[in-house]
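Quick notes on the structure that follows.
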2 protein chains.
Amino acid sequence: MARWEPGAADRLRACALELFVAQGFEQTTATEIATAAGVTERTFYRHFEDKREVLFGGQEALQRRFVDAVGAAPVSATPLEVVACALDSATDFFADERRPSSRLRGTVIAAHAGLRERELLKMAALAHALTEALHERGVPDPVATLAAESGVTVFRVAFESWIAPDEERSFDDIQRSVLAELTLLSKNAT
Amino acid sequence: MARWEPGAADRLRACALELFVAQGFEQTTATEIATAAGVTERTFYRHFEDKREVLFGGQEALQRRFVDAVGAAPVSATPLEVVACALDSATDFFADERRPSSRLRGTVIAAHAGLRERELLKMAALAHALTEALHERGVPDPVATLAAESGVTVFRVAFESWIAPDEERSFDDIQRSVLAELTLLSKNAT
């Protein structure tokens, strides 16, 4: 079994998504996921704390990327430009080859109220982390919160579009266009 | 007891907040709240579904007000101007005489992870309702979602400031200033 380990997390994730879609999130056990992936239950728990983490585990890495990018943005950047740097920094997480599995994940989450709530709370945590990172740069409130929340809204809207059934544009293209719409929103207002 | 009924909901709310602050939300029962307010438990349940509703019951009225204001905004208004109308429409919910009890409510919610999550989810529901109301006006996505989410962020930030310990500005003044900051955020961006 050891020689299978390198790809185990990916296989477990793929099998979990298929099972969640086919029979529901609640009805699927870690044991079933492990069996479908050809590994032991122990191997499952070496990679994931529980079956929910299969769906949400990636968000810590996203948050770290965002926060690091805020720290690395040019000193001269405005708060919204800093947030744009953060958004840009993570687009490789959403490469086209990951779109099919992100769509499956979206289907699973949409079908389950508890998972939808968890997704919302994760996004709130992401906004909070971005706000703190802006504070670290010396951006005061309310500007830091407004910029961070706006950034996470742009990310969420872009992500939802990216996994929509007929969407073919890259995540990067979509996100830039949503950010442009956000900028227009205020420019057109009195 | 009947002659006390008219003010019962207000008294129940005031007693509940005091008990939640003094002994914790989890540790307080509906019976204790009723006793403190000098009414029966049955009276409590005539006004509130459960003790959580004492804290969150007002949000349905806020949401209705927002949605109605979106529908009533001038045809010529831009999406962000429509959202500004919605925000303006509800400032009487946050009159200065309500600030002390809103501060107590904030203390109770800040001390309890489950209540903080519920508050976040209520705000997400508010943004969703605003988005739908903008769709009704013919505003397409992503603009509708961006405008609605921005509006709810402005509201949240303004509300947090309003209940901050040393804040003396009116809710209306704070909210206008936060909205102005939001507009500047994008105007300064390239």
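Answer yes or no as to whether B:A77 is among the small types (G, A, S) and part of a helix (DSSP H, G or I).
For B:A77, the condition - among the small types (G, A, S) and part of a helix (DSSP H, G or I) - is not met.
Anything in region A:162-189 that is within 7 Å of chain B (Cβ to nearest Cβ) and without any contact (Cβ under 8 Å) to a residue 24 or more places away in the chain? List them, or say none. Break it down stepwise before answering.
So the first thing to find is which residues in region A:162-189 are within 7 Å of chain B (Cβ to nearest Cβ), and the list is A:178, A:181-183, A:185-189.
Across region A:162-189, the qualifying residues are A:E181, A:L185, A:S186, A:K187, A:N188, A:A189.
Of all the residues that make up region B:94-110, how many are open to solvent by less than 30 Å² (accessible area, probe 1.4 Å) and either within 18 Å of B:E26 (Cβ to Cβ) or touching a Pro at 6+ places or on another chain (Cβ under 7 Å) (or both)?
Looking only at that region, the number is 3.
Return the total of residues in region B:119-174 being of a type in the set (D, E, K, R) and crowded, with 23+ Cβ neighbours inside 10 Å.
1
Within region B:33-67, track down each residue that is touching a Ser or Thr at 6+ places or on another chain (Cβ under 9 Å), open to solvent by 60 Å² or more (accessible area, probe 1.4 Å) and either of a type in the set (F, W, Y) or under 16 Å from B:A125 (Cβ atoms) (or both).
B:R65 - this is the single residue of region B:33-67 that is touching a Ser or Thr at 6+ places or on another chain (Cβ under 9 Å), open to solvent by 60 Å² or more (accessible area, probe 1.4 Å) and either of a type in the set (F, W, Y) or under 16 Å from B:A125 (Cβ atoms) (or both).
Can you tell me how many residues in region B:26-61 are under 19 Å from the mean Cα position of the chain (by Cα) and hydrophobic (A, V, I, L, M, F, W, C)?
Counting residues in region B:26-61 that are under 19 Å from the mean Cα position of the chain (by Cα) and hydrophobic (A, V, I, L, M, F, W, C) gives 5.
Kindly indicate which of A:R98, A:R118, A:R103 is at pLDDT below 95, assigned to a helix (DSSP H, G or I) and away from every other protein chain (no Cβ under 14 Å). Reasoning before the result, please.
Values: A:R118 fails: away from every other protein chain (no Cβ under 14 Å); A:R103 fails: at pLDDT below 95.
Result of the check over A:R98, A:R118, A:R103: A:R98.
Is at least one residue of region A:125-132 among the charged types (D, E, K, R) and part of a helix (DSSP H, G or I)?
Yes; the residues of region A:125-132 include at least one that is among the charged types (D, E, K, R) and part of a helix (DSSP H, G or I).
Can you give me the ranges of the helices (runs of 4 or more DSSP H) entirely in region B:32-72 with at least 3 residues that are of a type in the set (A, V, I, L, M) and touching a residue at least 60 places away in the same chain (Cβ under 8 Å)?
Of the helices (runs of 4 or more DSSP H) lying wholly inside region B:32-72, those with at least 3 residues that are of a type in the set (A, V, I, L, M) and touching a residue at least 60 places away in the same chain (Cβ under 8 Å) span B:59-72.
Mind listing whichever residues of region B:146-161 are within 7 Å of chain A (Cβ to nearest Cβ) and either over 14 Å from A:D141 (Cβ atoms) or at pLDDT below 95 (or both)?
B:L146, B:A147, B:E149, B:S150 - these are the residues of region B:146-161 that are within 7 Å of chain A (Cβ to nearest Cβ) and either over 14 Å from A:D141 (Cβ atoms) or at pLDDT below 95 (or both).
Can you tell me which of (1) within 14 Å of chain A (Cβ to nearest Cβ); (2) of a type outside the set (G, A, S); (3) crowded, with 18+ Cβ neighbours inside 10 Å is the one B:L17 doesn't meet?
(1)
From A:S76, A:S101, which residue is under 25 Å from A:S161 (Cβ atoms) and among the hydroxyl-bearing types (S, T, Y)?
Answer to the selection: A:S101.
The values are calculated or read from the model by the stated rules, or taken from the named source; none is laboratory data. Here the structure is a predicted model, which means the values were calculated and not measured. Note that we place each Cβ from the backbone using ideal geometry, even for glycine, and neighbour counts take in every protein chain shown. SASA here: full protein model, heavy atoms, side chains in, ligands and nucleic acids out. Shrake-Rupley method; radii C 1.70, N 1.55, O 1.52, S 1.80 Å.
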